[in-house]
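Colleague: I have a structure I would like to understand better, so I am pasting it below and will then ask my questions one at a time.
Every number here is computed from the coordinates shown, using simple stated rules; none is lab data. Owing to the predicted nature of the structure, the values given are computational and were not obtained by experimental measurement. All Cβ positions, even for glycine, are placed from backbone atoms using ideal geometry, and neighbour counts span all protein chains on display.
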């Protein structure tokens, strides 16, 4: 199985003694953290694409991912990434939230480019010239339910997907130039203090857009992990 431009397929690999389905993103994937994997139970953890070393601050491991308490749990890379003007970035994460508070899911540089939730609605945010610029989705994530959420920044606009299905396209959100930014899992949103509350199963960051078919492919190849 596969889609042109995205080197993904169904394979079997022994992970902690359990035969597990997994997929291999293409080279445009900047970061891939399957947080449920038994080889990623300690700290630091190493991402599957570019070997980013990631420090885990308190987020506890479980067989479906890492649980974040919304206070100080976060995963931070020790390496940095340089955001350029009008960068194309796509962020995806399997989440199960237990709160309707404003919360970050993942980010580049905390406030500079992130995907999060506000009243359970998806949002992507930038901090541009000292003020927050957000793109808000009309899609509402259901509490205590596994959902694959994603958002793309493309030429100052934002597109949202949930479970491989497009939800909102072309929402305005300004891009910014920011060098030396850490990649963060479990925080972001409107400010660096917006922490995630719930469980994140896996997190991916791409440096390109994904087609609707690619979003759906990722959903189909990974949903088994969340009993879907």
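Colleague: What is the distance, in nm, between label points placed 7 Å from the Cα along the Cα-to-Cβ direction at residue 145 and at residue 72?
Modeller: Going from the residue 145 label point to the residue 72 one covers 3.5 nm.
Colleague: Which of 95, 197, 46 has the fewest other C-beta atoms within 10 Å, and how do the rest follow up to the most? Kindly include the intermediate steps, with their values, before the conclusion.
Modeller: Values: 95 25, 197 18, 46 13.
Listed from fewest to most nearby Cβ atoms, that is 46, 197, 95.
Colleague: Suppose R0 equals 22 Å; then what is the FRET efficiency for residue 157 and residue 119 from their Cβ-Cβ distance, rounded to the nearest 0.05?
Modeller: Calculated transfer efficiency: 0.50.
Colleague: Can you give the extra length, in nm with one decimal, that the chain gains between residue 42 and residue 101 once fully stretched, where that is 0.36 nm per residue apart less the Cα-Cα distance?
Modeller: On the way: separation 59, 0.36 × 59 = 21.24 nm, distance 2.84 nm.
Stretched fully, the residue 42-residue 101 segment lengthens by 18.4 nm.
Colleague: Taking 0.36 nm per residue of sequence separation and subtracting the Cα-Cα distance, how much length would be gained by fully extending the chain between residue 138 and residue 55, in nm to one decimal? Before the final figure, lay out each step's value.
Modeller: On the way: separation 83, 0.36 × 83 = 29.88 nm, distance 3.33 nm.
Fully extending the segment from residue 138 to residue 55 adds 26.5 nm.
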